[in-house]
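Nothing in this text is a laboratory measurement; each read-out follows from the coordinates by a stated rule. This one's a predicted model, so the numbers in the text were calculated from it and none came from an experiment. When we count neighbours, we look across all protein chains shown, and the Cβ atoms used for this are built from the backbone with ideal geometry, even at glycine.
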Amino acid sequence: MTGQAPTPVQMERQRQRARRYTRPGFLIQLALLACLVAGPMLMPSFRVMDLVAKIMIFAVAVASFDIILGYTGIISFAHGMFFGLGAYSVALICHYSQPVQYHHLLLAGLLAALISAVVAVVISALSLRVKAIFFAMVTLAVAEFCHILGYQWSSLTKGEDGVSFKLPGVFNADWSGGSLWGTQINGRLLVYYLILVVAVLLFVGLVRFVRSPVGRVLKAIRDNEQRATALGYRVFRYRVLSTVFGSLVSSLCGALFAMWLSYVNPDTVLGTPLMLNILLMVIIGGLGTVYGGILGAAFIKIAETWLPDLQKLALSLWPKVEFMQRLAERWILLFGILYILSVLFFPKGVVGTLRDRAEVRRLRRLGRP
Amino acid sequence: MDLSVTATPLMETKDLCVRFGGHTAVDRVNLVVEPFTLKSIIGPNGAGKTTLFNLISGQYRPSGGGIFFKGQDITALDPPGRTALGIGRSFQLTNIFPSLTVLENVRLALQSREKIGLNFWRHYGSLSHLEDQAYHFLEMVLMAPRWAVPASTLTHGEQRKLEIAILLALEPELLLLDEPTAGMSLEEVPAILELIRQIKATGQRTILLVEHKFDMIMALSDSIAVLKEGRLICDDTPRAVAANPVVQEAYLGGGVKNA
Amino acid sequence: MDVLNLAHGAFFAWGAYAGFAVLNALNGLGWVETGTLGQGILSVLLALLAALAIGGVLGLFLERVIIQRVYGDHLKQILITMGASMVLAEVIKVLWSPNNQTVLVPLSFTGSYDVMDVVINKFRVVAIVVGLAVYAGVMAVMQKTKLGIIIRAGVENREVVQTLGYNINRIFTGVFMAGAALAAVGGSMWGIFREQITPAMGDENLIFALIVVIIGGMGSVTGSFLGACMVGLAFNYVAYLVPKLALGANILIMVIILLIKPWGLMGREQ
């Protein structure tokens, strides 16, 4: 203002700008990105690549759910449904267009975005006006409807059997481009990199969203809706905007997921277990943190990969007891209990707890003048 | 200021009514607020003061009558729309964003005024000028040293000051202050009154104030309106109001408040 | 009660499985498939009672252990009851296997009456009678008794009711148990009616319950009754014409109702 001594606010801002590229958070992100890029070259194991690709997709899906649940404070049970809409867009377009070409993929992506945006606008415009509870109920009903539709509209979706399809050109699983530095270049690898690029872009988009003016207003609305209204913010619009944005990203994640599997069926991309998985991931990672999505997705997906081994363990320990084997088979039960415990006792999740610590440090520095 | 000119008032209510069930909380109130003045509304508890405020700021819908701001009919406008026109309000119960920092609280008001709320592609870092302005408003209410802490850690008096800073940051033409000293300790009250006096002294703001402590606003107000059982029974200069026998009976008389 | 309980469907399923288990056990005594009319009626009654008991116990457990910690926080209620619903469904799978089960039904309850050329399924009559009785009972308790007044007041303001000397926590636990027990009875009746149960039946029926409550408006028993009639009628008519769109028709009704009356048919604006 006066141009002389900088205010404490300006000093703090300069400090933050100066250490922008040396912050631990930034360095961790950089290292993570490097691992994701170099991973398939260094560790040519399909099991690992499969796991990492799924973690990337779910990290973004969970982060986008966090925009709705953590930042906006409304609960949408339709997030899994939007994931499924995206997945089915890709699957159906690729399945029914012969021969499948690159522009079909692009078209599928656009279709996924368009459909999910329209559906999200309709659902939220209808039910967000009332109470958050209503929104939860309406989304649950609509999501279940879509799940049933996936089963019943078998002339289009092939019902329970699901849709398998082939990807175009270099993304096709059969395509092979020789090897580079000892790594097989094939369709799978290229799809992996496509997922990497799109997931990173989407994630950056999500982070930008929370750090934009809208993100700030959402935080304010979550904190004190009445005050936000009196400041001149039309709360309803912000809720709709964030719901639509989160749902749209979710549908694109679904599209990536379908590309990775080359197959979709109603239970894997539209069912309740998917929604519960996303909920669990977001709770474990931490609500309202966005980055928590990465941790949550990694934790659950890794656990999912290793938990079937539990079954073998149970089989060897109690070979005769059927009950124990059934128990081991139902590892979702363990997730459920873990989930309830974390909602009750660990509501901020991993990233949220870490952030609280950082906040305490910041206050120690700035709080008492 | 030439008060003899009969220009349109800044804000005006015409036969404003609101009924809740069978109870008429605000009954045909015609209130006129002239620009750049400070008008206080007093009345016993339950006289409809806060209800009237909620009607003016748009929280409640009137059952009858109309509200006009600078000659424009705003009866059907929602609260955000009224804020955009230049009506800012504070609340009787402290109403801030508790988990956000003090600076952030004020910055959100500035962001609303600049109408960049629905922008989701711009990075907040590029809006540093808002931070600087917000800090300036905190300096005005003597809250600058506390800019970095979460608002929930402030004392009650500090939170009231923060609220006024938020209100000022909206730069409204009409400030609605609902019992700005409510719930404050006696030592904190003079600072708030001084703040209101300063805002008034700039000569750029119109203030409508609700208070039920009469002596507190006698010196401060240009005019005082008295509400009783939802009706406007008197609207005059502080001295005239104090001398008005009806008011004395209804409100000041003998300490008997229930009518 | 202002608690959104997504585990309600799980109570429903548990009731069905409890009834199923009882009927299975009684069949071992020769009561169910080959028994007399009296034995048949008794076994169905026992099945319903078992469901009532299991629903009550589960409700008590859930309310005490989980829900009491999250009163007043809708978001957590939704999240946590969703988790509880999943856990309960999984436990069913552990105890009884994830596959469909066939419910044994006493002979006297299968088949139908023929009243002036209209064929009426026998158990349907039982279901309608029990349903009406429950509706009348809930209405009577909520509107006419002191308990009903306390409950309604407690939803509005817990503290005040508490200072009046009522143990609102215990009352709410009781209400929650009653709700869970009713859901379980409904589940066991559904199981006997359909003669088929699956662990996922809770989720499937929860959707209907949700649509019913949304259409009817929250906090209104009469609204739920109206909503249930609309949903049931619409579902059956559309199922008759275009079977696959039956649920879609209900969603459509819900959307239309929300457009006209965002708080539901009988819900009051808050």
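Structure notes:
- Chain B, dipole about Cα centre (Lys/Arg Cβ +1, Asp/Glu Cβ -1), debye to the nearest 20: 440 debye
- Estimated translational D of chain A in µm²/s (Stokes, Kirkwood radius over Cα pairs; 25 °C; 0.890 mPa s): 110 µm²/s
- Inter-chain neighbour count for C:91-104: the average number of beta-carbon atoms from partner chains within 10 Å of each residue's beta-carbon is 2.
- The three principal axes of the Cα atoms in segment C:126-270 give end-to-end lengths of 56, 38, 26 Å, sorted in falling order.
- Farthest toward positive dipole pole in the protein assembly as shown [+1 Lys/Arg, -1 Asp/Glu at C-beta], among C:Val22, A:Val122, A:Cys253: A:Cys253
- Dipole orientation for chain C: of the candidates C:Phe176, C:Ala133, C:Phe11, C:Phe176 has the Cα lying most toward the positive pole (charges on Cβ; Lys, Arg +1; Asp, Glu -1).
- Sites A:Leu317 and C:Arg64 - FRET efficiency at Förster radius 25 Å, r taken between beta-carbons, to 0.05: 0.15
- For chain B, the Kirkwood estimate of the hydrodynamic radius, built from every pair of different alpha carbons, is 19.2 Å.
- Among the residues of A:140-150, the average count of other protein chain beta-carbon atoms within 10 Å of the residue beta-carbon is 5.
- Inter-part distance where segment A:29-48 and segment C:79-93 are each reduced to a Cα centre, Å: 36 Å
- For chain C: span of alpha carbons on each principal axis (Å, largest first): 57, 41, 37
- Three-way shape call for segment C:7-58 based on the alpha-carbon gyration tensor, with the a/c threshold at 1.5: prolate
- An oblate overall shape is assigned to the protein assembly as shown, the ratio a/c of its alpha-carbon gyration tensor axes (a ≥ b ≥ c) being 1.5 or greater and a/b not exceeding b/c.
- Given charges at beta-carbon only (K, R positive; D, E negative), |dipole| of the protein assembly as shown in Debye: 1520 debye
- FRET E, pair C:Gln143, A:Tyr102, Förster distance 45 Å, beta-carbon r, rounded to 0.05: 0.10
- Among the trypsin sites (Lys or Arg not before Pro) in segment A:43-149, those placed in a DSSP loop whose Cβ has at most 16 other Cβ atoms within 10 Å are A:Arg129.
- For chain A, size of Cβ-based charge dipole, Lys and Arg +1, Asp and Glu -1, in debye: 2000 debye
- Scaled to the globular estimate 2.2 N^0.38 Å, the Cα spread of segment A:44-113, given as radius of gyration, is 1.36.
- Segment A:27-182 - Debye-derived log10 I(q)/I(0), Cα point model, q = 0.10, 0.12, 0.16 Å⁻¹: -0.51, -0.72, -1.11
- Prolate/oblate/rounded call for segment B:150-259, Cα gyration tensor, a/c under 1.5 rounded: prolate
- Ranked by how many other beta carbons lie within 10 Å on average, peptides A:57-64, B:82-89, C:173-180 from highest: A:57-64, B:82-89, C:173-180
- Average beta-carbon neighbours from other chains, 10 Å sphere, peptide B:130-141: 2
- Extreme residue, positive dipole direction of segment A:43-305, given options A:Ile93, A:Gln184, A:Val60 (C-beta unit charges): A:Val60
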